[in-house]
Amino acid sequence: MNLIFLGPPGAGKGTQAQRLVQRLGIPQLSTGDILRKAVAQGTELGKQAKSLMESGKLVPDALVNGIIEGALAEPSAANGFLLDGFPRTVPQAEALDAMLRRRGKRVDAVVALEVPTEVLVSRLSGRFTCPKCSSIYHSTTRLPKADRLCDNDGAALVSRPDDAPDRVRQRLLEYEQKTAPLTGHYNRTGSLRRVDGVGSVEEVEQRVLRALGIS
Ligand code: AP5
């Protein structure tokens with residue numbers, strides 16, 4: 001399956017994507033995770049993205065389109081993929097359509113996770129992530145087994161700089177202005193599946209599976 005997870009910051013895209021890719025055996029292509037690794041490693045890509053990401057703004061379309069073009073060419077994406085955080089603008093969606101057409105592929109389904117703003121803010125204010133494997137935790141809803149250490153690899157968990165309240169406001173604004181219009185784009189293609197993202201991680205997972213016709 002070729003899937004897209006769409007939704008505002010904190011909707012649970014990463015959390016649900018990590019569970020679904022394990023079940024389906026396809027790669028999770030997260031532009032946010034790829035960019036954060038590039039920033040941490042100080043690569044040219046990371047240098048171009050760092051200040052924009054930290055201020056809660058989107059990075060230029062050309063940068064992320066290049067990342068996805070490369071990721072789709074990997075053998076691991078040959079039998080399906082889950083895009084998490086891409087596309088985020090109408091030009092990115094159009095670029096993706098063109099990339100997939102060239103490969104004789106298409107998007108099978110776009111899962112749009114719907115969560116009210118006050119829940120998003122509360123989720124982001126308590127989030128911790130693993131800088132090594134990108135596992136996602138929360139200070140009340142998903143605690144690691146050992147205090148502030150990743151269950152997978154024992155790395156010290158970190159808060160994301162863009163989860164500070166003023167950056168969250170900027171990210172929500174970017175989402176409303178640039179990303180929300182994508183629901184119209186994918187509604188027209190018939191691939192949009194709206195999913196209520198409020199409830200426990202397991203409840204939301206069941207709704208995602210139902211929306212995709214996976215039992
Ligand atoms: P990115 O990393 O993609 O961030 P985002 O879209 O803002 O999404 P988040 O990662 O914040 O949230 P999420 O929906 O994955 O929620 P999560 O599962 O973590 O992008 C970061 C930046 O990179 C952008 O601002 C931009 O600068 C740049 N960028 C990336 N892609 C780009 C693109 N295509 N174009 C341009 N720029 C791009 O969950 C959040 C918290 O809630 C966690 O603590 C989790 O444990 C908790 N939680 C999840 N589900 C539940 C639940 N059901 N109940 C209770 N708690 C839950």
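The values are calculated or read from the model by the stated rules, or taken from the named source; none is laboratory data. Quantities reported herein were computed from a predicted structural model and do not represent experimental measurements. When we count neighbours, we look across all protein chains shown, and the Cβ atoms used for this are built from the backbone with ideal geometry, even at glycine. These area figures cover heavy atoms from the full protein model, side chains too; ligands, DNA and RNA do not enter into them. Shrake-Rupley method; radii C 1.70, N 1.55, O 1.52, S 1.80 Å.
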Counted charge near M1, where neighbours are those whose Cβ lies closer than 13 Å (Asp, Glu -1; Lys, Arg +1)
+3
Length-normalised contact order of the stretch 110-215 in % [C-alpha pairs under 8 Å, at least 6 apart]:
33
With a Förster radius of 41 Å, plug the Cβ-Cβ distance of E202 and Q48 into 1/(1 + (r/R0)^6) and report the FRET value to the nearest 0.05.
0.60
Using the beta-carbon distance between T183 and A155 and R0 = 30 Å, what value does 1/(1 + (r/R0)^6) give for FRET efficiency, to the nearest 0.05?
0.25
Quick check on the stretch 96-215: of the DSSP beta bridges with both residues there, what percent are antiparallel, nearest 5%?
55
The stretch 19-106 - charge dipole about Cα centre, Lys and Arg +1 at Cβ, Asp and Glu -1, debye rounded to 20
220
Can you list the lysines whose alpha carbon sits under 19 Å from that of K145, skipping same-chain ones fewer than 8 residues off?
K132
Starting from the Cα of C133, step 7 Å along the direction of its Cβ; do the same at M1; then give the gap between the two resulting points in nm.
2.3
Relative contact order computed over the chain (Cα-Cα under 8 Å; 6+ residues apart), in percent:
29
Suppose all protein chains stay in the model; what accessible area per residue would a 1.4 Å probe give for the chain, in Å²?
50
Report the full-extension gain for the segment L209 to A40: residue separation times 0.36 nm, less the Cα-Cα distance, to one decimal in nm.
57.5 nm
Ignoring ligands, DNA and RNA, what percent of the accessible area of the chain is carbon or sulfur (1.4 Å)?
51
For the stretch 116-201, give the magnitude of the charge dipole about the Cα centre (Cβ charges: +1 Lys/Arg, -1 Asp/Glu; no others), in debye to the nearest 20.
200
How far is the Cα center of the stretch 34-106 from the Cα center of the stretch 12-31, in Å?
15
Only four residue types carry charge here, +1 at the Cβ of Lys and Arg and -1 at the Cβ of Asp and Glu. Report the dipole size of the chain about the Cα centre in Debye, rounded to the nearest 20.
220
Considering the dipole of the stretch 57-151 built from charges on the beta carbon (Lys and Arg +1, Asp and Glu -1) around the Cα centre, which of L83, L149, V107 is farthest to its positive end?
L149
